[in-house]
Amino acid sequence: MSRDEEKMRAAKRAVGFIEDGQIVGLGTGSTASHAITMIARRVQGGLWVRGVPTSNVTERLARDAGIELLSLNEVDHIDVTLDGADEIDPDFNMIKGGGGALAREKLVAVASKKRIIMVDSSKLMRKLGSHFPVPVEVLPFGSKVAARALESVGCSPKLREVNGSPFVTDNMNWILDCATGLMDDPAGLEMAIKQINGVVECGLFSKLADVLVVGGQDGATVIEAGSGNLDLFDWR
Ligand code: 5RP
């Protein structure tokens, strides 16, 4: 089964959690895009929800699909958020921001009562840091100062580029993709990175997943944070 098929199965299962009248955080990335298409189908069938998008790309996709939208500043809470991840560990710590939307994704996650993370099986890691660098959004003005400070906390930062120019986030900032090696203390590293001057947000998300949905051969498996059952999966 392809990774995309697994993502679609995870998205289908996660979209089933959404209830009429809810305010729904809409994540960014290919898995979140599948979910948005499926939410739109439910909306066409009579479901009433309002979405809070985590990026300009998601905003366009959701609006074009006919989902009513609100900005984060227009709501006092979000009922449920559906988003993807680049890596997730058995404690539900994550690396996010492969699509560059980490700052808005984290704000929407923090404002959400229930965070549902949808992944294909390749995202499950015993320890974070083996495959994906940690994206760190920085102010362009101070990117070199921030890069040196990131090195001092054990990261190897590399400016994310597109066609030879810096990738620019929706917030008009740059991203330093930080190789870290295997992490023993993701929450500690997240705190250390967040204290660096010029850092806007860090793509380490600790304690920001409530439900994990993993697509696979038999549809999708759902695990709630703290419920055990982690041996259902093959963590890499
Ligand atoms: C975007 C993200 C995505 O959720 C993450 O990169 C996973 O993407 P995909 O669903 O395409 O594998 O954090 O900023």
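The values are calculated or read from the model by the stated rules, or taken from the named source; none is laboratory data. All of these numbers come straight from a predicted model, not from anything done at the bench. Glycine also receives a Cβ, built like all others from the backbone with ideal geometry; neighbour counts cover every protein chain displayed. Note: accessible area is taken over every heavy atom of the protein model, side chains too, but ligands, DNA and RNA are not part of it. Shrake-Rupley method; radii C 1.70, N 1.55, O 1.52, S 1.80 Å.
Checking the structure you have, find out if any residue of region 12-20 is closer than 19 Å to V214 by Cβ, among the acidic types (D, E) and either in contact (Cβ under 8 Å) with a residue 12 or more places away in the chain or open to solvent by 10 Å² or more (accessible area, probe 1.4 Å) (or both).
Among the residues of region 12-20, not one is closer than 19 Å to V214 by Cβ, among the acidic types (D, E) and either in contact (Cβ under 8 Å) with a residue 12 or more places away in the chain or open to solvent by 10 Å² or more (accessible area, probe 1.4 Å) (or both), which makes the answer no.
What single numbered condition from (1) open to solvent by 10 Å² or more (accessible area, probe 1.4 Å); (2) more than 15 Å from the ligand (Cβ to nearest atom) fails to hold for A40?
So the condition that A40 fails would be (1).
Among the residues that make up region 51-64, is at least one of them in contact with a Pro (Cβ under 8 Å, 6 or more places away or on another chain) and open to solvent by less than 50 Å² (accessible area, probe 1.4 Å)?
Checking region 51-64: at least one residue is in contact with a Pro (Cβ under 8 Å, 6 or more places away or on another chain) and open to solvent by less than 50 Å² (accessible area, probe 1.4 Å).
Across region 174-192, what is the number of residues that are open to solvent by less than 40 Å² (accessible area, probe 1.4 Å), more than 14 Å from K158 (Cβ to Cβ) and more than 18 Å from the chain's Cα centre (by Cα)?
4
Which of (1) assigned to a loop (DSSP other than H, G, I, E, B); (2) closer than 22 Å to K96 by Cβ is the odd one out, the single condition E19 does not satisfy?
(2)
For region 206-236, which residues satisfy the criterion of being exposed (fewer than 13 other Cβ atoms within 10 Å of the Cβ) and assigned to a helix (DSSP H, G or I)?
Residues satisfying the conditions are D231, L232.
Please specify each residue of region 123-132 satisfying the condition of being within 13 Å of the ligand (Cβ to nearest atom) and crowded, with 23+ Cβ neighbours inside 10 Å.
K123
Which pairs do you get when a residue that is among the basic types (K, R), found in region 156-185, comes within reach of a residue that is part of a loop (DSSP other than H, G, I, E, B), reach meaning Cβ atoms under 7 angstrom, with the pair 6+ apart or on two chains?
Hits for this filter: R160/F167.
Only residues that are assigned to a strand (DSSP E or B), crowded, with 19+ Cβ neighbours inside 10 Å and not hydrophobic (A, V, I, L, M, F, W, C): list them for region 80-122, please.
T81, D83, E87, S112, R115
Take R9 and tell me if it is of a type in the set (K, R), more than 10 Å from the ligand (Cβ to nearest atom) and farther than 27 Å from N171 by Cβ.
So R9 passes the test.
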